[in-house]
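Heads up: the structure comes next, in structure tokens.
The values are calculated or read from the model by the stated rules, or taken from the named source; none is laboratory data. No experiment lies behind these values; they were computed from the predicted model shown. Ideal geometry is used to build each Cβ from the backbone, glycine not excepted, and the neighbour counts take in all protein chains shown.
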Amino acid sequence: MTKIIETTDISKIYKMGNQTVEALKSITMEINQGEYVAFMGPSGSGKSTLMNIIGCLDTPTAGTYILNNNDVSDLTENELAEIRNKEIGFVFQTFNLLPRATSLENVALPLIYAGYGKSEREEIALKSLTNVGLGDRADHRPNELSGGQRQRVAIARALVNDPSIILADEPTGNLDSKTSYDIMELFQQLHDKGNTIIMVTHEDDIAHYAHRIIRLRDGLVETDVLNDNVTRREIQATIG
């Protein structure tokens, strides 16, 4: 299998006034292309810090992080931004959609930074929306959509640049149970199509959609196990 992520002894220390917070102590792990991994752990375990480093939103204090054979441990902000736009699709708990922009405009946003022209952006963004079942909501703004639809728009935006990795930070945290399971069904379909997915969640039932569960505690990996009881739902409609 092809390694897509490799961390070696990465740590992260924050200075907060006179205090030093050791968010990550020593994390060494490998994630292969096409894996579906869930990070779990109590508040303060380091899972969000690890997600931020893997997503190139932050850099480790020490250690190395290899993403797609490139050492990204100590890049500049501009270099990290370029990698984020090309390699990583983000899905957040709070959706992070522009409130005055339509679904199409929200999904097309990463394509602006990638240098696409307007007509090409709109064509690619509409296809991405259609793939998550929202082609008929392209002209709707976030306040005209349900929570589940807003999260689907966020997923379409995450996928629009055909990233190497989808990073989902508590993707069902603001959704009711039924909508949460619908979103996890969509992730199931994305993984079946070969996407690499890494998800942070504190919910056991959501984590069990992943094929591998990594539990963190006090800035260290507590357990890293394959999930022998993957939750799968009967898929009603397959994405394109």
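Looking at region 110-124 only, could you name the residues that are buried (at least 16 other Cβ atoms within 10 Å of the Cβ) and in a helix (DSSP H, G or I)? 110, 111, 121, 122, 124, listed by residue number. Residues in region 1-30 that are surrounded by 20 or more Cβ atoms within 10 Å (Cβ to Cβ) and out of contact with any Pro (no Cβ under 9 Å at 6 or more places or on another chain) were compared, and the one that is farthest from residue 70 (Cα to Cα) is 23. Regarding residue 195, is this residue farther than 19 Å from residue 48 by Cβ, in contact (Cβ under 8 Å) with a residue 60 or more places away in the chain and surrounded by 13 or more Cβ atoms within 10 Å (Cβ to Cβ)? Answer is yes for this residue. Annotation note: Cβ proximity below 6 Å between a residue of region 208-223 that is under 25 Å from residue 184 (Cα atoms) and a residue that is outside any loop (DSSP other than H, G, I, E, B) and of a type in the set (Phe, Trp, Tyr) (sequence gap 6+ or interchain) occurs for 210/36; 211/36; 214/39. Scanning region 36-43 for residues that are surrounded by fewer than 16 Cβ atoms within 10 Å (Cβ to Cβ) and either in a strand (DSSP E or B) or modelled with pLDDT of 90 or more (or both) turns up at least one hit.
Name the single residue, out of those in region 125-151 being hydrophobic (A, V, I, L, M, F, W, C) and under 21 Å from residue 187 (Cβ atoms), that is surrounded by the fewest Cβ atoms within 10 Å (Cβ to Cβ). Working first, answer last.
To start, the set of residues in region 125-151 that are hydrophobic (A, V, I, L, M, F, W, C) comprises 125-126, 129, 132, 134, 138, 145.
Checking which are under 21 Å from residue 187 (Cβ atoms) leaves us with 125, 129, 132, 134, 145.
Details: 125: 25, 129: 26, 132: 25, 134: 22, 145: 18.
Filtering first and then ranking leaves 145.
Can you find even one residue in region 56-77 that is in a helix (DSSP H, G or I), in contact (Cβ under 8 Å) with a residue 40 or more places away in the chain and either under 26 Å from residue 208 (Cα atoms) or touching a helix residue (DSSP H, G or I) at 6+ places or on another chain (Cβ under 6 Å) (or both)?
Applying the first criterion (in a helix (DSSP H, G or I)) to region 56-77 yields 77.
Now narrow it down to the ones that are in contact (Cβ under 8 Å) with a residue 40 or more places away in the chain: none.
No, because not a single residue in region 56-77 is in a helix (DSSP H, G or I), in contact (Cβ under 8 Å) with a residue 40 or more places away in the chain and either under 26 Å from residue 208 (Cα atoms) or touching a helix residue (DSSP H, G or I) at 6+ places or on another chain (Cβ under 6 Å) (or both).
Yes/no matrix, rows are residues, columns are (1) among the charged types (D, E, K, R); (2) closer than 17 Å to residue 33 by Cα; (3) in a strand (DSSP E or B):
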{"residue": "143", "(1), (2), (3)": "no, no, no"}
{"residue": "155", "(1), (2), (3)": "no, no, no"}
{"residue": "182", "(1), (2), (3)": "yes, no, no"}
{"residue": "187", "(1), (2), (3)": "no, yes, no"}
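Looking only at residues of region 99-109 that are without any contact (Cβ under 8 Å) to a residue 40 or more places away in the chain and surrounded by fewer than 21 Cβ atoms within 10 Å (Cβ to Cβ), we find that the one that is farthest from residue 193 (Cα to Cα) is 102.
When region 46-55 is filtered for residues that are assigned to a loop (DSSP other than H, G, I, E, B) and crowded, with 22+ Cβ neighbours inside 10 Å, only 46 remains. Every condition in (1) modelled with pLDDT of 95 or more; (2) aliphatic (A, V, I, L, M); (3) surrounded by 15 or more Cβ atoms within 10 Å (Cβ to Cβ); (4) within 30 Å of residue 174 (Cα to Cα) is met by residue 83 except one, and the failing one is (1). Of the residues contained in region 165-177, one or more are found to be more than 24 Å from residue 49 (Cβ to Cβ) and either charged (D, E, K, R) or in contact with a Pro (Cβ under 7 Å, 6 or more places away or on another chain) (or both).
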